[in-house]
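Worksheet for the structure shown next.
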Amino acid sequence: MTLRTTLRRWLPAAACALSIALTGSLAAEEEKPSSRELFAAAKQALERGHEDSYQTLLAELTDYPLLPYLHYWQMREQLDAQSNESVQAFIEAQADTPLAQQMRFAWLRHLATKERWEDYLAFFRPTNSAMHRCHYHTAQWQTGQQDEAWAGARGLWAVGHSQHSACDGLFTAWEAAEPLDDALRWQRIELAMAQGNVALARFVAEGLPDKEADIARRWATLHEHPVRVAEDGLLPVDGERSRPIALHALKRLAATEPERATEIWSSVARDYGLSTGERHEVAHAIALRFALRRDERALEWFAPLPAESFSESSRGWAVRAALLSKRWPAVRAWIEEMPADERNSERWSYWLARAHEATGKEGEAGAIYRRLSGSRSYYGFLAADRIDAEYNLAHQSLEVEPALIEQVLALPAVVRAGELYRLGLLQEARSEWNLALSGMNRAQSLAAGALASDWQWHDRALLTLARVGHFDDLNIRFPLAHGEAFAAEASQRELDPAWVIAVARQESAMDPLARSRVGALGLMQLMPATGRELARQLQVDLSDHQSLTQPELNIRFGSHYLRQMLDRFEHPILATAAYNAGPHRVAEWYPAQGSLDADIWVDTIPFHETRKYIRRVMAYAVFYDQRLERAPTRLSERMPPVVLPEALRIATQEDDKAR
């Protein structure tokens, strides 16, 4: 690959000028490369091992604010050549940048690899990283501080999951020096079983006496086959550890086979002496599973339970169970039992109003609807629809004094963040931006949000303003980035453009390079496997999954997938749910009764994330209608009743007859 071709990857606007300059044709160029261009070329030269070119470029960047990044990358690649003194000098010089901690962690990993434990102790600082903590206590052990090392090992060991492999040697030495007592082993077994980590529980149980190990193994068996808790002789009725194991098995059975749990739970609870509170735990587990399955039997289990046994979550599911059955008096009763803060939230206020309306208390319902309708939110819009009120779409531009903008713009971390952002180094840019925000007051944060918006760094702009509770500038909250691409793809597929953009806004906060924890990419957060399938369907050559971060391609693929979901489910709410949770799950959520109000359907979805997702997308679509200078489509229009397809209805009836 030529230098010119390589540079074009880094410098789309000025690569040719810089490449000519670097290949000896400077006389043919009138403009000198910018520092930003030189930095990008130096980074590339460093990565490719072109030392001479790197040093030449480095000499031109003495005052460039990102120069420490080049030094950091070079030191990180040449750790064997570093000394404690050089690393410490770098950390001290960059103490006010994210590079200090990054360098410290890189050096600690290097010291651990080289088993330089005295040096490790000198450089270590407290951290939540299990790997670094394991190395730290290993360093203590290796330098003769055994009491401290074993205390640290004990804390690292007592977790319900497998620890980082860096702990293996430490644990082996600790167990040899201080054989584990049975109580400590049982502590970890209990933690492991609470997390469903059966393999770890079995492993830890191997060190117990035979009788105790057998009980632990039976616990693992009951986790995998909880219905066996009713078998005679599997678990000693009078055993010291039997009661919590029986409770675990019953709750596990409730989560997997609630019908079977209803048959055996009472006798098992009696046999193993479960307390009243523990019996309530089992009943709640059964009720919750029925509620998650949208089964009316949930109410039968929730109804007799005392109010003090309910958590916020279980109260919410009791309301949802009543909503599914449209038992409005029960909806009202459950909500009115909530603590005031919970009851007065927009969500439960709306459903209380719906319950009042359904039970003939129009005055009470109207008062709540009027109050909620002033809110710029999903429930505010739903409430406005109930009383035919106008939506509150008030926009107020963020006004910041130029002097304050200049003050924020002069902050070193902001300067570095801006340079990194323009270079496409977004991970580094976000680190610098977050560092800058950590030291800002509210006024400075508002200025920073305005500044990021001016840079078209949309995700940082809207998230920065949200951080300080500023939601009035709807243009910053709902940017129209890549508007032409969204409009073209929506038009081609006969989709509502406000809906498509709202999905992108929820998926990525309009960050084209967004990457989720599970690997979803780009504006519309496409998984690589989905991207490959869509590329095949659209006959697009997808060179690699990183291509999915290209805005136009990502919008095209995401819009095409939305069209598929809309064609499959013939309902915008179900299509939105399918985009988030997957079509296979949504197909299981059709209303058993044939038809259900869309607002009820949304709030009874089993997944919290999907409920929140749909609410946000529906509200965001209203704001994007306004941004697109269209009359807002009301939620009552976007959210028609969810109807069970005729073919499914007939099949369901035939299944019922067969039973």
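The values are calculated or read from the model by the stated rules, or taken from the named source; none is laboratory data. Nothing here was measured: the structure is a model prediction, and the numbers come from that model. With ideal geometry, Cβ positions are generated from the backbone for all residues, glycine too; neighbour counts draw on all protein chains shown.
Please find, within the stretch 21-60, the residue that is modelled with the lowest pLDDT out of those that are surrounded by 15 or more Cβ atoms within 10 Å (Cβ to Cβ) and assigned to a loop (DSSP other than H, G, I, E, B).
If we take residues in the stretch 21-60 being surrounded by 15 or more Cβ atoms within 10 Å (Cβ to Cβ) and assigned to a loop (DSSP other than H, G, I, E, B), then P33 is modelled with the lowest pLDDT.
Quick grid of which residues meet (1) modelled with pLDDT of 95 or more; (2) of a type in the set (F, W, Y); (3) assigned by TED's automatic domain parsing to the domain that holds V414:
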site	(1), (2), (3)
G439	no, no, yes
A447	yes, no, yes
L465	yes, no, yes
A490	yes, no, no
E494	yes, no, no
S508	yes, no, no
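Can you pull out the residues in the stretch 528-552 that are crowded, with 20+ Cβ neighbours inside 10 Å and under 20 Å from H584 (Cα atoms)?
From the stretch 528-552, those crowded, with 20+ Cβ neighbours inside 10 Å are 531, 534, 548; that's our starting set.
G531, L534 - these are the residues of the stretch 528-552 that are crowded, with 20+ Cβ neighbours inside 10 Å and under 20 Å from H584 (Cα atoms).
When you scan the stretch 447-477, how many residues do you find that are in contact (Cβ under 8 Å) with a residue 24 or more places away in the chain, surrounded by fewer than 22 Cβ atoms within 10 Å (Cβ to Cβ) and not in a helix (DSSP H, G or I)?
Residues that pass the stated criteria total 7.
Mind counting the residues in the stretch 95-117 that are of a type in the set (V, I, T) and out of contact with any Pro (no Cβ under 8 Å at 6 or more places or on another chain)?
First, pick out the residues of the stretch 95-117 that are of a type in the set (V, I, T): 97, 113.
In the following step, the residues that additionally are out of contact with any Pro (no Cβ under 8 Å at 6 or more places or on another chain) were identified as 113.
Final tally of qualifying residues: 1.
G363 passes all but one of (1) assigned to a loop (DSSP other than H, G, I, E, B); (2) over 28 Å from Q626 (Cβ atoms); which number fails?
Only one criterion in (1) assigned to a loop (DSSP other than H, G, I, E, B); (2) over 28 Å from Q626 (Cβ atoms) is unmet by G363, namely (1).
Cβ-Cβ under 8 Å, sequence separation 6+ or interchain: first residue in the stretch 429-440 and over 20 Å from L513 (Cα atoms), partner of a type in the set (S, T, Y). Which pairs?
Pairs found: L435/T97; L437/S445; L437/T464.
Could you run through the stretch 553-591 and say how many residues are part of a helix (DSSP H, G or I) and either surrounded by fewer than 20 Cβ atoms within 10 Å (Cβ to Cβ) or not aromatic (F, W, Y) (or both)? Give the derivation first.
We begin by selecting, within the stretch 553-591, every residue part of a helix (DSSP H, G or I); these are 553-569, 572-581, 583-586.
If we keep only those that are either surrounded by fewer than 20 Cβ atoms within 10 Å (Cβ to Cβ) or not aromatic (F, W, Y) (or both) as well, we get 553-556, 558-560, 562-568, 572-578, 580-581, 583-586.
The total comes to 27.
For the stretch 257-302, how many residues are under 32 Å from the mean Cα position of the chain (by Cα) and over 26 Å from W334 (Cβ atoms)?
Residues that pass the stated criteria total 1.
Evaluate the following for L462: is it among the hydrophobic types (A, V, I, L, M, F, W, C) and out of contact with any Pro (no Cβ under 9 Å at 6 or more places or on another chain)? Give the derivation first.
Numbers: among the hydrophobic types (A, V, I, L, M, F, W, C): yes; out of contact with any Pro (no Cβ under 9 Å at 6 or more places or on another chain): no.
When the stated conditions are applied, L462 does not pass them.
Which ones in the stretch 68-100 are touching a residue at least 12 places away in the same chain (Cβ under 8 Å) and either under 24 Å from A410 (Cβ atoms) or not in a helix (DSSP H, G or I) (or both)?
Hits for the stretch 68-100 are P68, Y69, L70, H71, Y72, Q82, A93, Q94, D96, T97, P98, L99.
Taking only the stretch 317-337 into account, find how many residues are surrounded by fewer than 21 Cβ atoms within 10 Å (Cβ to Cβ) and touching a residue at least 24 places away in the same chain (Cβ under 8 Å).
Of all residues in the stretch 317-337, those surrounded by fewer than 21 Cβ atoms within 10 Å (Cβ to Cβ) come to 325-330, 333, 336-337.
Checking which are touching a residue at least 24 places away in the same chain (Cβ under 8 Å) leaves us with 325-330, 337.
Number satisfying all stated conditions: 7.
Using the structure shown, decide if A199 is surrounded by 15 or more Cβ atoms within 10 Å (Cβ to Cβ) and within 28 Å of the chain's Cα centre (by Cα). Break it down stepwise before answering.
On the way: surrounded by 15 or more Cβ atoms within 10 Å (Cβ to Cβ): no; within 28 Å of the chain's Cα centre (by Cα): yes.
Spelling it out, it is not the case that A199 is surrounded by 15 or more Cβ atoms within 10 Å (Cβ to Cβ) and within 28 Å of the chain's Cα centre (by Cα).
With the structure loaded, tell me whether F557 is of a type in the set (F, W, Y) and within 30 Å of M440 (Cβ to Cβ) or whether it fails that test.
Values: of a type in the set (F, W, Y): yes; within 30 Å of M440 (Cβ to Cβ): no.
No; evaluated as a whole, the condition is false for this residue.
Looking at the structure I just gave you, is M527 under 20 Å from the mean Cα position of the chain (by Cα) and within 23 Å of R493 (Cα to Cα)?
Numbers: under 20 Å from the mean Cα position of the chain (by Cα): yes; within 23 Å of R493 (Cα to Cα): yes.
Judged against the criteria, M527 is a match.
With the condition kept exactly as written, say whether any residue in the stretch 352-372 is farther than 29 Å from M618 by Cα and in contact (Cβ under 8 Å) with a residue 12 or more places away in the chain. Steps first, please.
Taking the stretch 352-372 and keeping what is farther than 29 Å from M618 by Cα, we get none.
Taking every residue of the stretch 352-372 in turn, none turns out to be farther than 29 Å from M618 by Cα and in contact (Cβ under 8 Å) with a residue 12 or more places away in the chain.
Scan the stretch 599-613 and tell me whether some residue there is more than 20 Å from A318 (Cβ to Cβ) and more than 25 Å from the chain's Cα centre (by Cα).
Checked against the condition, which is being more than 20 Å from A318 (Cβ to Cβ) and more than 25 Å from the chain's Cα centre (by Cα), the stretch 599-613 yields no hits at all.
Just give me the residues in the stretch 154-189 being assigned to a helix (DSSP H, G or I) and small (G, A, S), in sequence order.
Step one: filter the stretch 154-189 for residues assigned to a helix (DSSP H, G or I), giving 154-157, 165-177, 182-189.
Result: G155, S165, A166, G169, A173, A176, A177, A183.
Which residue pairs have Cβ atoms closer than 6 Å, lie 6 or more positions apart in sequence or on different chains, and pair a first residue in the stretch 138-153 that is over 21 Å from T113 (Cβ atoms) with a second residue that is modelled with pLDDT under 95 and among the charged types (D, E, K, R)?
The qualifying pairs are W150/E178.
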